[in-house]
């Protein structure tokens, strides 16, 4: 599992050009954000990005770059903000609400063409419930990795928690320390590396329920709008409650639009598969993959090796 820290304008330009020239068009962008009290009252430290078929996770250093992370132009004149606001590129989050709030509040970014994987899980689970499932629970139950890989994923996440969770003696300030602690890099990477597997798992459950998919797309867009409202509160027990009023009915999908149409497409797997030497590299951090960068790039390559503890 390889990770690149992007902390220069040249690195941002290279990232944009890679997205624009991806062998898959449009590529799926699997994303997450970390920060100090992430949202309008806090700050963004890191934006994690995985763009299959490239298996390398990019960590965009927003703390260092600030607005340059989103306003630096590529050779085609495109900024990363343009990509985030474009309806051409599908962006997949697991609970986008506070991420959207932070992007909009601090950088004026209005996300477009979003898929919220948390919502897909909520409506496709076998036993209906009132509450949303966490990413950790979804990884444990639905990602398709085995027991030992789950334990490794949990151990990596716990190492990060120990550094930033005040209840465990940590501090959120660790996200702004440079160089980033390897445990924090690993924590950030694990948040996105299995999102493609989750998207595929829930998409399989959703097939045949096109009207439901249409409603899920609307619900994701509502989450974006809500996160940009003046009254949005991203903290509290209400954040754990699932949406109400989503209609469970099938149809011919005549009203299905992008990007949900891609989620239900038989072509979805090719947008989620990483090009690696072995399938295990997607979740295995014991043998890092070497990374080659253009000579002009000032990106920092971070190879993370986590010992398994079974």
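The values are calculated or read from the model by the stated rules, or taken from the named source; none is laboratory data. This one's a predicted model, so the numbers in the text were calculated from it and none came from an experiment. Cβ coordinates were reconstructed from backbone atoms using ideal geometry, including for glycine residues, and neighbour counts include every protein chain displayed.
Residues that are in a helix (DSSP H, G or I) and more than 23 Å from residue 137 (Cβ to Cβ) within region 176-195 comprise 176, 182, 185, listed in sequence order.
Consider residue 64 carefully, then state whether it is surrounded by fewer than 20 Cβ atoms within 10 Å (Cβ to Cβ), touching a helix residue (DSSP H, G or I) at 6+ places or on another chain (Cβ under 8 Å) and either at negative phi or in contact (Cβ under 8 Å) with a residue 24 or more places away in the chain (or both). Quick ask: steps written out before the conclusion?
On the way: surrounded by fewer than 20 Cβ atoms within 10 Å (Cβ to Cβ): yes; touching a helix residue (DSSP H, G or I) at 6+ places or on another chain (Cβ under 8 Å): no; either at negative phi or in contact (Cβ under 8 Å) with a residue 24 or more places away in the chain (or both): yes.
The answer is no for residue 64.
In the set (1) touching a residue at least 60 places away in the same chain (Cβ under 8 Å); (2) within 16 Å of the chain's Cα centre (by Cα); (3) closer than 30 Å to residue 79 by Cβ, the condition left unmet by residue 104 is number (2).
Say whether the condition of being closer than 30 Å to residue 126 by Cα, under 19 Å from the mean Cα position of the chain (by Cα) and crowded, with 18+ Cβ neighbours inside 10 Å is met by at least one residue in region 160-171. Can you show your working first?
Our first condition is that a residue be closer than 30 Å to residue 126 by Cα; within region 160-171, this holds for none.
Taking every residue of region 160-171 in turn, none turns out to be closer than 30 Å to residue 126 by Cα, under 19 Å from the mean Cα position of the chain (by Cα) and crowded, with 18+ Cβ neighbours inside 10 Å.
Checking residue 120 against (1) out of contact with any strand residue (DSSP E or B) (no Cβ under 9 Å at 6 or more places or on another chain); (2) within 26 Å of residue 42 (Cβ to Cβ); (3) surrounded by 19 or more Cβ atoms within 10 Å (Cβ to Cβ): exactly one of these is not met. Which one? That leaves (2) as the condition not met. With the requirement that a residue be under 19 Å from the mean Cα position of the chain (by Cα), assigned to a helix (DSSP H, G or I) and over 17 Å from residue 187 (Cβ atoms), what does region 138-156 give you? 141, 142, listed by residue number. Screening residue 240 on (1) in contact with a helix residue (DSSP H, G or I) (Cβ under 7 Å, 6 or more places away or on another chain); (2) closer than 30 Å to residue 159 by Cβ; (3) modelled with pLDDT of 95 or more shows it passes everything except condition (1).
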